[in-house]
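Please read the structure below before turning to the comments.
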Amino acid sequence: MIGAGFFGRVIARRLADVGITPVVASRMRGDLRLDVEDRASLAAALRPQDVIVDTAGPFQMRSTTLVETAIECGCDVVDLSDALGYARAVLALHDRAVAKGVRIFTSCSAIATVAASAIGASEAAAPETCDLFLAPASADTGNPATVRAFLASVDWSRSREFPADRRRGYRVESAAAVLLPRSWPSLRWVDFWVDPNAPFAVRSIALASRLGLTRVLSAVAPLSARLVGRREGSFSVAISEGGRYSLTRLAAPRGSYVIAAEPAVLAAESLARGSDVPAGIVPSHSQVDPAALFARLRALGVDVRT
C-alpha cells in the first residue's frame, strides 16, 4: 500500500519495475481512499502483513496515527519522513512494534538512509560529525507539502557553502539528527543544509516567511518551481573522524529525486519478499544494503562518488 503523491507515484512505478504491484491509497485518488489521520478508516483497510509505504508529507504536521494503527494491525511501515519531531515520536513506539512483530523503517529516504549508507561505505568506525547537503530537483519535487516542510524547519540565520558545488544551503531541522546517532553514538552533531535550487527562491521564501505568507507561498511555489525550477539535483554526505574527512556525493542532471525514493523501494521490496529484519524501529544503517542501494542508483542514472 502506497501514497498517491509525487513520491508515492515514483515509488509505485519503481516497485512495478521489480515485479511488485502496489495498492495506491490517498484521500483523493488511487485504488483506495484512505486518511492517514483517521484511525477507524485505517483499521478497516489494513490487513496483517501488509507493507505500507507512507509518503504523505509534510511529516512536520503529522501524528503517529498511521504507525500506531499499523502496529496494532500487524503491518510493516516504510516512511519518507524528514521531520525531527516525527522521528522522535516514532522511536517512542519501538517496544510496541517489537511486541507485535512489526518492522518500522522511518525516514527511509535520503536524509537518514542514504546518509547512513554513505557512513557505512566510508568505513568510519566512530564518525564524529556529519553534514548533509541537499539541492533538490525543484522543477520536479516542488509541491505544497515540500514547501510547508521546508518552511516549518528552516533556520534562516545559519547557512553554509556546499563542499562540492557552488551553492549555499540553509540549516534545516531533520530526522537525521536523532536517527544517525542511534546507529553511531560517536556523532557529536548531524546538520542538514538545503539549497532550494531555484532562481530567487531563497529571497522570496524568506520574505514570504517573515510576512506570514506561508500559506500563499505553499500554493504558488509549485507552479513557480515547474516554470523556473531546476531539473538537476544533488545530495552530499560529509563525515569527519579523527581528523579524517570523507565526502560522498550523489547527483543527476535529471531524476535526482530517485535518491530519496529508492531506499523505500528497496526496503518495501525486501519486506514484501519475506525479509527477516528484526521487529521494532529499524536503525537507519540496517534499512538497506549500501552496495545494493548505490548500485541501484547508478543504474537509474545517478552519479555516485565516494
query: From the list Ala208, Ala198, which residue is in contact with a Leu (Cβ under 7 Å, 6 or more places away or on another chain) and at pLDDT below 95?
result: Ala208
message: Of the conditions (1) closer than 19 Å to Tyr257 by Cα; (2) open to solvent by less than 40 Å² (accessible area, probe 1.4 Å); (3) assigned to a strand (DSSP E or B), Cys130 satisfies every one except a single condition; which number is it?
response: (1)
field: Cβ pairs under 9 Å, 6+ apart, first in the range 63-78 and assigned to a helix (DSSP H, G or I), second among the polar types (S, T, N, Q)
entry: Val67/Thr106
task: For residues that are open to solvent by 50 Å² or more (accessible area, probe 1.4 Å), closer than 29 Å to Ala295 by Cβ and in contact with a Ser or Thr (Cβ under 7 Å, 6 or more places away or on another chain), tally how many sit in the range 133-163.
output: 1
message: Only one of Ala70, Ala43, Ala83 is of a type outside the set (D, E, K, R) and open to solvent by 40 Å² or more (accessible area, probe 1.4 Å). Can you tell me which?
response: Ala43
Positions within the range 249-277 being open to solvent by 10 Å² or more (accessible area, probe 1.4 Å), outside any loop (DSSP other than H, G, I, E, B) and farther than 23 Å from Gln49 by Cβ, in sequence order: Arg249, Ala251, Val258, Ala260
query: Just one of the numbered conditions (1) surrounded by fewer than 21 Cβ atoms within 10 Å (Cβ to Cβ); (2) at pLDDT 95 or above is not true of Gln49; which one?
result: (2)
message: I'd like the residue in the range 79-108 that is of a type in the set (A, V, I, L, M) and part of a helix (DSSP H, G or I) and, out of all such residues, is farthest from Ala264 (Cα to Cα).
response: Ala99
field: Residues located in the range 278-306, provided they are open to solvent by 30 Å² or more (accessible area, probe 1.4 Å) and assigned to a loop (DSSP other than H, G, I, E, B)
entry: Pro278, Ala279, Pro283, Asp289, Leu300, Gly301, Thr306
- prompt: Just for the range 109-127: of the residues that are in a loop (DSSP other than H, G, I, E, B) and either farther than 14 Å from Trp189 by Cα or aliphatic (A, V, I, L, M) (or both), which one is modelled with the lowest pLDDT?
  reply: Glu123
message: For the structure I just gave you, tell me whether Ala175 is open to solvent by less than 10 Å² (accessible area, probe 1.4 Å) and under 13 Å from the mean Cα position of the chain (by Cα).
response: yes
- request: Inspect all residues belonging to the range 106-115 and state whether any of them is touching a helix residue (DSSP H, G or I) at 6+ places or on another chain (Cβ under 6 Å) and surrounded by fewer than 24 Cβ atoms within 10 Å (Cβ to Cβ).
  value: no
field: Hey, Arg96 at pLDDT 95 or above and not hydrophobic (A, V, I, L, M, F, W, C) or not
entry: yes
task: Considering only the range 6-35, state which residues are under 25 Å from Ala87 (Cβ atoms), out of contact with any strand residue (DSSP E or B) (no Cβ under 7 Å at 6 or more places or on another chain) and not in a strand (DSSP E or B).
output: Phe6, Phe7, Arg9, Val10, Arg14, Leu15, Asp35
message: Every residue in the range 178-189 that is open to solvent by less than 50 Å² (accessible area, probe 1.4 Å) and within 23 Å of Gly85 (Cβ to Cβ), please.
response: Val178, Leu179, Leu180, Pro181, Ser183, Trp184, Leu187
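The values are calculated or read from the model by the stated rules, or taken from the named source; none is laboratory data. What you see is a predicted model; the values in this text were computed from it and never measured. As a convention, Cβ positions derive from the backbone with ideal geometry for all residues, glycine included, and neighbour counts pool all protein chains shown. Quick note on the areas: whole protein, heavy atoms, side chains included, nothing else; ligands and nucleic acids left out. Shrake-Rupley method; radii C 1.70, N 1.55, O 1.52, S 1.80 Å.
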